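The values are calculated or read from the model by the stated rules, or taken from the named source; none is laboratory data. Everything numeric in this text was worked out from a predicted model, so none of it was measured. Note that each Cβ is placed from the backbone with ideal geometry, even for glycine, and that neighbours are counted across all protein chains shown. In case anyone asks, the SASA skips ligands and DNA or RNA and just uses the protein heavy atoms, side chains included. Shrake-Rupley method; radii C 1.70, N 1.55, O 1.52, S 1.80 Å.
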Amino acid sequence: MSPTLAIRSRHVVTPRGVEDAVVQAQAGRITAVTPGGPRGPATLDLGDLWLLPGLVDTHVHINEPGRTEWEGFVTATRAAAAGGVTTLVDMPLNSIPATTTVAGLRAKTTAAEGKCGVDIGFWGGVVPGNARELVGLAAAGVLGFKCFLAPSGVDEFKHVAEGDLREAIPVIARLGLPLLVHAELPRALDEAARGSAGGDPRRYATWLASRPRRAETEAVELLIRLSRETGCRVHVVHVSAGEAVPLLREARAQGVAITAETCPHYLVLAAEEIGDGRTEFKCAPPIREHENRERLWDALREGVLDLIATDHSPCPPALKEPASGDFMKAWGGIASLELSLAVLWTEARGRGFTPADLARWMSAAPARLAGLEGTKGAIAVGHDADLVVFNPNAEFTVDAARLRQRHPITPYAGRRLVGRVERVFLRGECVFDGVEFPGAALGAHPGPHQR
Ligand code: ZN
């Protein structure tokens with residue numbers, strides 16, 4: 001059978017390195033990656049444009065059903081496709097119901113039906129008292145679990161204490177799935193809140209002081225202890241404090257099964273640059289100082305931070321408190337599915353990295369976290385033909401109004417970025433051609449249960 005897709009680039013990112021190669025696909029899967037050829041008349045020749053494996057974003061809040069006015073499957077997956085993200089994994093909170101029961105998962109998958117422009121998986125939630133739901137959720141296809149150690153921001157998704165974790169973790173360890181954790185401890189947050197009470201809520205420094213680095217490091221210490229004791233795979237989401245890095249390094253050197261991510265905003269933005277009332281920059285944990293940002297880049301270079309995920313977490317404009325500019329009241333969350341690749345490339349290219357490094361952090365490593373490494377995260381024979389045509393030299397200015405996410409709120413508005421997603425293939429079908437979305441609603445639920 002002749003291939004349905006043949007693409008040649010001088011910069012194909014494969015597990016072996018960057019190659020001048022032709023990638024062929026048939027029936028949605030990659031059938032050959034051939035250095036030097038063969039080139040037929042139907043081969044799409046990209047020349048110097050890069051061909052990357054489709055990005056896998058393991059930290060996305062879609063909010064549908066229940067808070068669909070915040071974000072939904074159609075808008076989020078279009079933003080994803082335009083950003084080169086061909087697989088995303090939805091977090092178990094901010095939709096109603098939360099994904100903490102099998103019925104909650106069914107509500108999610110039903111709401112997603114026919115609306116997804118990219119492949120989508122789901123994390124289940126761990127909340128106080130739902131340890132008995134976890135086996136059922138795993139059987140129904142969740143890729144792992146997520147919990148909070150501090151208040152999540154929504155009432156229907158309660159945070160857990162160590163005692164709750166000690167009920168849930170043995171179950172998750174037996175399932176062989178990862179437990180993703182929002183790592184800030186409430187005691188340190190409460191102390192800091194008392195200390196910063198009375199500060200001007202329009203000043204970013206007031207928000208920053210209320211979420212100290214210590215809240216993160218103490219939480220990471222607890223997670224290392226629990227992972228060491230139980231053997232459960234633990235993944236720390238959105239590491240923002242550089243002080244967590246040596247703790248993670250030491251634990252991993254000792255064989256503890258702990259991994260960690262950071263987010264584009266912690267790598268690109270800095271507290272010193274955030275003006276009064278600019279609540280589009282609010283997220284938790286917070287964006288910290290320049291000096292801290294450099295430590296996160298070093299940790300990525302070293303491999304102590306495994307991956308980058310967006311924590312795409314939008315809300316309606318009014319919840320960002322634009323009129324008051326009150327950081328303490330505004331919803332915390334930054335939506336960056338569409339921009340993360342360009343935002344990171346703009347910053348990474350001056351630090352000696354190549355697009356292959358971004359593919360490692362944003363495709364291969366997150367695919368491994370989600371247990372999808374057999375089909376996603378690499379340009380390799382047998383994998384899904386999820387491919388991103390990337391122009392590392394094209395520049396553009398971010399026009400928030402043109403973003404595909406539901407609401408045009410972004411801290412990157414007006415920024416000059418380098419690196420454009422030119423075309424995206426999902427299982428061999430073009431789902432983004434640089435402007436339009438020809439393959440609407442082709443997304444499916446990837447997962448070990450499917451194959
Ligand atoms: Zn999140």
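Details
- Gyration tensor verdict on the stretch 147-290 (Cα atoms; rounded if a/c is under 1.5, prolate if a/b is larger than b/c, oblate otherwise): prolate
- Here the stretch 265-397 exposes an accessible surface that is 50 percent carbon and sulfur, computed with a 1.4 Å probe and the other protein chains kept in place.
- Counting only protein heavy atoms and a probe of 1.4 Å, the accessible surface of the stretch 153-252 is 51% carbon and sulfur.
- The radius of gyration of the Cα set in the stretch 323-438, together with its Dmax, comes out at 16.2, 54 angstrom.
- Positive end of the dipole of the chain (Cβ unit charges, origin at the Cα centre): among Phe145, His238, Leu296, the Cα lying farthest that way belongs to Phe145.
- Within the stretch 328-347: backbone nitrogen closer than 19 Å to the Ala413 label point (7 Å, Cα to C-beta): 328-340, 343
- Projecting label points 7 angstrom from Cα along Cα→Cβ for Arg166 and Glu429 puts them 5.0 nm apart.
- Segments 84-95, 242-253 sorted - mean Cβ within 10 Å per residue, highest first: 84-95, 242-253
- Residues Asp276 and Glu243, FRET efficiency given R0 of 22 Å [Cβ-Cβ distance, rounded to 0.05]: 0.25
- The peptide list 191-200, 230-239, put in order of mean Cβ contacts within 10 Å with the highest first, becomes 230-239, 191-200.
- Between the amide H of Leu88 and those of Asp57, Asp119, Ile120, Gly121, distances stay under 5 Å, these residues lying 5 or more places away or on another chain, with hydrogens modeled in the peptide plane.
- Residue by residue, the stretch 356-361 carries 3J(HN,Hα) couplings of 5, 5, 4, 5, 5, 6 Hz when phi is fed to the Karplus relation 6.51 cos²θ - 1.76 cosθ + 1.60 (θ = phi - 60°); x denotes Gly or Pro.
- Sorting the segments 139-145, 51-57, 314-320, 423-429 by their mean number of nearby beta carbons within 10 angstrom, highest to lowest, gives 51-57, 423-429, 139-145, 314-320.
- Apportionment of accessible area to carbon and sulfur, the stretch 5-45, percent (1.4 Å): 55
- Ellipsoid equivalent to the stretch 384-446 - semi-axes via the Cα gyration tensor, in Å: 24, 16, 9
- Gyration tensor verdict on the chain (Cα atoms; rounded if a/c is under 1.5, prolate if a/b is larger than b/c, oblate otherwise): prolate
- Considering only alpha-carbon pairs that sit under 8 angstrom and 6 or more positions apart, the relative contact order computed for the stretch 5-45 is 41 percent.
- Helix 102-112 and the long axis of the chain differ in direction by around 50°, with both axes built from C-alpha atoms.
- Efficiency of FRET between Thr354 and Ala197 - r from beta-carbon atoms, R0 35 angstrom, step 0.05: 0.15
- Rounded to 10°, Cα long-axis angle of helix 162-175 versus longest principal axis of the chain: 20
- With all protein chains kept in place, the per residue accessible area of the chain amounts to 36 square angstrom at a probe of 1.4 angstrom.
- Sequence-distant residues sharing a close amide H with Thr14 (under 5 Å, placed H): Glu19
- The stretch 5-45: C-alpha gyration tensor shape, a/c 1.5 cut-off, then a/b vs b/c: oblate
- Cross-link check: pairs Lys158/Lys376; Lys115/Lys329; Lys115/Lys320 evaluated at a Cα-Cα cut-off of 29 Å; pairs beyond the cut-off: Lys158/Lys376; Lys115/Lys329.
- Note on Phe396/Asp20: beta-carbon distance plugged into 1/(1 + (r/R0)^6) with R0 of 35 Å gives a FRET efficiency of 0.80.
- The chain, relative contact order in percent, only Cα pairs under 8 angstrom and at least six apart counted: 21
- Distance in nm between pseudo-label sites at Arg39 and Glu294 (7 Å out along the Cβ direction from Cα): 4.4
- On Cα atoms only, tilt of 244-253 relative to the major axis of the chain in degrees: 70
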